[in-house]
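Visitor: Structure provided below as structure tokens; questions to follow.
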């Protein structure tokens, strides 16, 4: 049974982190390591996080010496992981109990390097607000105008991550850049069309900041994908329109 490393960055999500961790510990697939990266220099939740670490010997805690952001924290977690397979989970999201088992079997059956699942979206109070259906992607141009891959749904082979293909230094959209880079390397991102992940939408989260999303969205195209200024603006408009449409 292959080891799977689960990478979870933590920053001020005390209300939800225990539920996220328990959804991993309750998985039917048991050969796992959980790498929890504490990314809050204020350290106000550190004792609580240490108590969660003590729930299971498979939990490893890394404490950043400053706030690196979710993307760089995931890179740190990946580098310290021991597994050939990596799964990502944000600290306010959850998995259904058979998510890892179904996903690693799906990857192996399809001889694939990366896949994602469909997911349900809930609000702060766990009220269901939307669904997202997973789709297959074989070309970065299929994803360029609308990022429909939920980070907490993704599992991949560690070997496709390296210094030129990892999470960038962005506050939001950092996962979007990575998926585009992976597609540009000619890896297909395949879809397991089952609702195996619960993704939480929070009004006060970085990912809900309109201005931050617009700034980072532009950087995705202009800085990381090397489009021209005008093309980057056009793609940003497309991305924003598709987001509103959803």
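The values are calculated or read from the model by the stated rules, or taken from the named source; none is laboratory data. Here the structure is a predicted model, which means the values were calculated and not measured. Positions of Cβ are generated from backbone atoms using ideal geometry, with glycine treated the same way; all protein chains shown enter the neighbour counts.
Visitor: Scan the range 17-27 and give yes if some residue there is assigned to a loop (DSSP other than H, G, I, E, B), on the phi > 0 side of the Ramachandran plot and loosely packed, with under 14 Cβ neighbours inside 10 Å, otherwise no.
Guide: no
Visitor: Which residue out of 46, 3, 55 is under 25 Å from residue 96 (Cβ atoms) and at pLDDT 95 or above?
Guide: 3
Visitor: I'm trying to understand the selection: among the residues of the range 44-54, which are part of a loop (DSSP other than H, G, I, E, B), more than 18 Å from residue 25 (Cα to Cα) and free of Cβ contacts under 8 Å to residues at least 12 places away in the same chain?
Guide: Step one: of the range 44-54, the residues part of a loop (DSSP other than H, G, I, E, B) are 44-45, 54.
In the following step, the residues that additionally are more than 18 Å from residue 25 (Cα to Cα) were identified as 44-45.
Listed by number, the list holds a single entry, 44.
Visitor: Now for a separate question. Please go through the range 148-173 and give me each residue that is within 18 Å of residue 85 (Cα to Cα), touching a residue at least 40 places away in the same chain (Cβ under 8 Å), surrounded by fewer than 19 Cβ atoms within 10 Å (Cβ to Cβ) and touching a helix residue (DSSP H, G or I) at 6+ places or on another chain (Cβ under 9 Å), ordered by number.
Guide: Within the range 148-173, 157, 158, 160, 166 meet the criteria.
Visitor: Taking the condition of being under 18 Å from the mean Cα position of the chain (by Cα) and part of a helix (DSSP H, G or I), how many residues in the range 1-16 meet it?
Guide: 1
Visitor: Are any of the residues in the range 133-147 under 16 Å from the mean Cα position of the chain (by Cα), buried (at least 18 other Cβ atoms within 10 Å of the Cβ) and at pLDDT below 95?
Guide: yes
Visitor: Hey, among 57, 66, which residue is in contact (Cβ under 8 Å) with a residue 24 or more places away in the chain and either surrounded by fewer than 16 Cβ atoms within 10 Å (Cβ to Cβ) or under 29 Å from residue 216 (Cβ atoms) (or both)?
Guide: The match here is 66.
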